[in-house]
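The values are calculated or read from the model by the stated rules, or taken from the named source; none is laboratory data. Just so it is clear, the model here is predicted, and its values are computed rather than measured. Every residue, glycine as well, gets a Cβ built from its backbone with ideal geometry; the counts of neighbours run over all protein chains shown. Note: accessible area is taken over every heavy atom of the protein model, side chains too, but ligands, DNA and RNA are not part of it. Shrake-Rupley method; radii C 1.70, N 1.55, O 1.52, S 1.80 Å.
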Amino acid sequence: MLRLEKVQTHYGRIEVLKFIDIEVNEGEIVCLLGGNASGKSTTMKTILGIVRPTSGRVVYRGEVINDVPTAQRIKMGIATVPENRRLFPHLTVLENLEMGAFTRNDKLGIQEDLKRVYQLFPVLEERKNQRAGTLSGGEQQMVAVGRALMACPKLLIMDEPSMGLSPALVDQSFEIIKEVNKQGVTIFVVEQNAQAALSIADRGYVLQTGEIVMEGKASELLKSDKIRKAYLGEA
Amino acid sequence: MKKTFKKEKLLKWSRINRQVLIGAVLFLAFIFPLFNLLGWMGMVWVRLGVKVAVFVLLALGLNIIIGETGLLNLGYIAFFAIGAYTTAIFASPRLGFHLPFWLLFLLSGFFAVAFGFLLGLPTLRLRGDYLAIVTLAFGEIVRITLNNWESVTNGPGGIPGIYDPVIFGLRIDNNFEYYYLTLGLIILCLILIRNLKNSRFGRAWNALREDEIAAECAGIHVSMAKLLSFMVSSLFAGFAGCIFASLQKFVNPQYFVFMQSVLVVCMVVLGGMGSIPGVIAGAIALDTLPEIIRHTFAFWLPSFLGEDFLTSFPPLLQNFLFDFDRYRMLIFGLAIVLMMIFRPEGLIPSRAWQRELHEIDPRLLEETQMIRFDLEEEEKDLEV
């Protein structure tokens, strides 16, 4: 569904991504692990078109989308839950959700998706007229996911969904990801929390200073010594 | 049960009150010039009314950029100048053109929008302070061009003798007619703004104001949305410029200085960014206040208290009160500082900004208290 082929990305003269290859198949949950400054967020920005790769190809559903602007990519079915959620804090929950459906014109479909989001997160329906900035961290995460789902995405890209959440909420957050995936949305998660991410993912990649150093089935990665040492805090 | 009913009634009342208020203001705006016919006020005030109306148009236009989209434009008066000069050039003996008014009107709007597009295209990638600096520079460039392009604009001498507009065979040549013409245009623009605000564009602008990256991730074409906001606001300035030139019968570059841009920004900020009634109130207040103060001390108070009551004041104060216009900017500066401290959301704030600037919205608090009260009442009912 999504393929990065030998993608190289620069910020000015600094090479951030060094010829990385990533593939996400339809219906999968794929996670990208990596520490600070490994290039995780840049990978995500490259997929969304916020930064453009200097070489290599980004292929989405058989189409090279290197030069497609961000707004167009959203229309093509790539939705995102950005880092730190980035809600519109002074708009209400409902207005936030409606912004997610900005590129769509089908009123009936939007209403249906709104119902679907409310079914997934009943709290949001209760709080639909509350302004998003006053919600708790977990609820804000729900709004962010809900907003992304309102775009009726085929591929959902999540940047650090566990960031700033309590351990209990992290688990809940990954449960939600699993649930969304069951409804037919392919998911690409960028995460630091390797344990949580690998426990729900089908496959995983490990990024280190801009290079893919490991890849494989999530269950295998979980067992790998290197991962256990680097990310799971076991000596 | 009783209490919820009461709450609904309250809500309904506040809505009706709002409508009544808007109706009253509109009515007052319509009959305002008639006070002159009844002999209650001088022609000066009708004239001032027209000027205020032009600035209301300008403030409404600038509000689209500042209030709705959250960008700062410090060269807004340049678009006003472009509109005014378009009218001056194509309807005066200067180059011998005399286009019909409706065409002039559209042309003024068109040129303003065209320049808005040209300025916006390369600069709207800039954020915050940088955009403000570029727009400020643009404002100065336009003024200096008008000042130096002698063959067309007659330089500092300006363009005199602009023809009266003729609409449907009616020649607009007195303050009353200008007043109603501008008022009509304001109402038209208000309808346009209202529709824009509730459209996709309006929502895109508000999202941009809140968080640019999130807006982009929601699929909003950021530069397009900004450009459109820039162009719509330029359109308003172009229209206002056309009316202004016809009214004054004369334009010169000295009128379109940076301070005028600042004045319009003040109107928007003092009135309440993003709030249409607020912006209108801001424009009216800033335009009429100097005149009201001058009249109070020059005419009204002396007529009550005797001609020479002012001579008992210290000379500095006398000077200040008579020459208020000169100290206008000083007072506005002070007013803005005070407003930012005590009422940052403006005179009549929009709901979104109010939420933005006060962590707890008092209305929300009131509502939750009411709901709690309802629950308690219900519990009591159950106990009985």
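Scaled to the globular estimate 2.2 N^0.38 Å, the Cα spread of chain B, given as radius of gyration, is 1.13. Here the Karplus curve 6.51 cos²θ - 1.76 cosθ + 1.60, taken at θ = phi - 60°, turns the phi angles of region A:128-142 into couplings of 4, 9, 8, 7, 4, x, 8, 7, 6, x, x, 5, 5, 4, 4 Hz, with x standing for Gly and Pro. Taking GluC sites (Glu not before Pro) as exposed when DSSP calls them loop and at most 14 other C-beta atoms lie within 10 angstrom, chain A has its longest site-free stretch at A:27-233.
Within the accessible area of chain B, the carbon and sulfur atoms contribute 69%, probe 1.4 Å, all protein chains present. Computing FRET efficiency as 1/(1 + (r/R0)^6) for B:MET41 and B:PHE97, where r is the C-beta to C-beta distance and R0 is 35 Å, gives about 0.40.
Structure remark: mean-square fluctuation, Gaussian network model of chain B, C-alpha springs under 10 Å; the largest value among B:TYR163, B:TYR180, B:TYR327 belongs to B:TYR327.
Charge dipole (Cα centre; +1 on Lys/Arg Cβ, -1 on Asp/Glu Cβ; no other charges) of region A:17-122 amounts to roughly 260 debye.
Is region B:162-262 best put as rounded, prolate or oblate by its Cα gyration tensor, with a ≥ b ≥ c the root eigenvalues, rounded for a/c under 1.5, and otherwise prolate when a/b is larger than b/c, oblate when not? It comes out prolate by the Cα gyration axes. With R₀ set to 35 Å, the beta-carbon distance separating B:ILE16 from B:MET340 gives a calculated FRET efficiency near 0.60.
Which shape class applies to region B:136-212: rounded if a/c is under 1.5, otherwise prolate when a/b exceeds b/c and oblate if not, where a ≥ b ≥ c are the square roots of the Cα gyration tensor eigenvalues? It is oblate, given that a/c is not under 1.5 and a/b is not larger than b/c.
In the full protein context, region B:16-55 carries 63 Å² of accessible surface per residue, based on a 1.4 Å probe and ignoring ligands, DNA and RNA. Remark: the protein assembly as shown projects, on average over all directions, an area of 39.3 nm² (convex hull of Cα atoms). The orientation-averaged projected area of the convex hull spanned by the Cα atoms of region B:267-310 comes to 3.4 nm².
Span-like helix criteria (full DSSP H runs; alpha carbon extent of at least 24 Å along the helix axis; mean Kyte-Doolittle hydropathy of at least 1.6) are satisfied in chain B by B:43-63, B:101-123.
Model label sites at B:LEU301 and A:VAL213, defined 7 Å from Cα along the beta-carbon direction, differ in position by 7.9 nm. Rounded to the nearest 20 debye, the dipole magnitude of the protein assembly as shown is 960 debye, with +1 charges on Lys and Arg beta carbons, -1 on Asp and Glu beta carbons, and the Cα centre as origin. Largest GNM mean-square fluctuation across A:VAL123, A:VAL93, A:VAL180, computed for chain A with C-alpha springs under 10 Å, falls on A:VAL123. Every helix of 4 or more DSSP H residues in chain B counts as -39500 (n - 2.57), and over all residues that averages to -23500 deg cm²/dmol at 222 nm. Accessible surface buried at the B:A interface totals approximately 2000 Å², computed with a 1.4 Å probe on protein heavy atoms.
The calculated FRET efficiency for the pair A:VAL123 and B:ASP173, based on their C-beta separation and a Förster distance of 56 Å, comes to about 0.30.
With the simple spin-label model, which puts each label point 7 Å out from Cα in the Cβ direction, the A:LYS178 to B:ILE292 separation comes to 6.6 nm.
Classify region B:43-95 from the C-alpha gyration tensor, please: rounded if a/c falls under 1.5, else prolate or oblate depending on whether a/b exceeds b/c. Note, shape of region B:43-95 comes out oblate. Buried on complex formation within region B:202-220 (loss of at least 30 square angstrom of accessible surface versus the isolated chain, 1.4 Å probe, ligands and nucleic acids ignored): B:ARG203, B:ALA207, B:GLU210, B:ASP211, B:ILE213, B:ALA214, B:GLU216, B:CYS217, B:ALA218, B:GLY219, B:ILE220. For the options A:ALA71, A:ALA132, A:ALA197, a Gaussian network treatment of chain A with springs between C-alpha atoms closer than 10 Å singles out A:ALA71 as fluctuating the most.
For the set B:LEU305, B:LEU190, A:LEU17, solvent exposure ranked by accessible area (probe 1.4 Å, protein chains only) runs largest to smallest as B:LEU305, B:LEU190, A:LEU17.
For the peptide A:88-99, the mean number of other protein chain Cβ atoms found within 10 angstrom of a residue's Cβ is 5. Placing A:LYS182, A:LYS18 in order of accessible area, with the largest value first and a 1.4 Å probe, yields A:LYS182, A:LYS18. Can you list the residues of region A:1-43 with backbone N under 15 Å from a point 7 Å past the Cα of A:LYS226, pointing along Cα to Cβ? Flagged as within label range: A:21, A:33-35.
Rolling a 1.4 Å probe over the protein heavy atoms of region A:1-137, with every protein chain left in place, gives an accessible area that is 46 percent carbon and sulfur. For B:MET231, the accessible area of its heavy atoms, probed at 1.4 Å with every protein chain present, is near 50 square angstrom.
Placing A:HIS90, B:HIS221 in order of accessible area, with the largest value first and a 1.4 Å probe, yields B:HIS221, A:HIS90.
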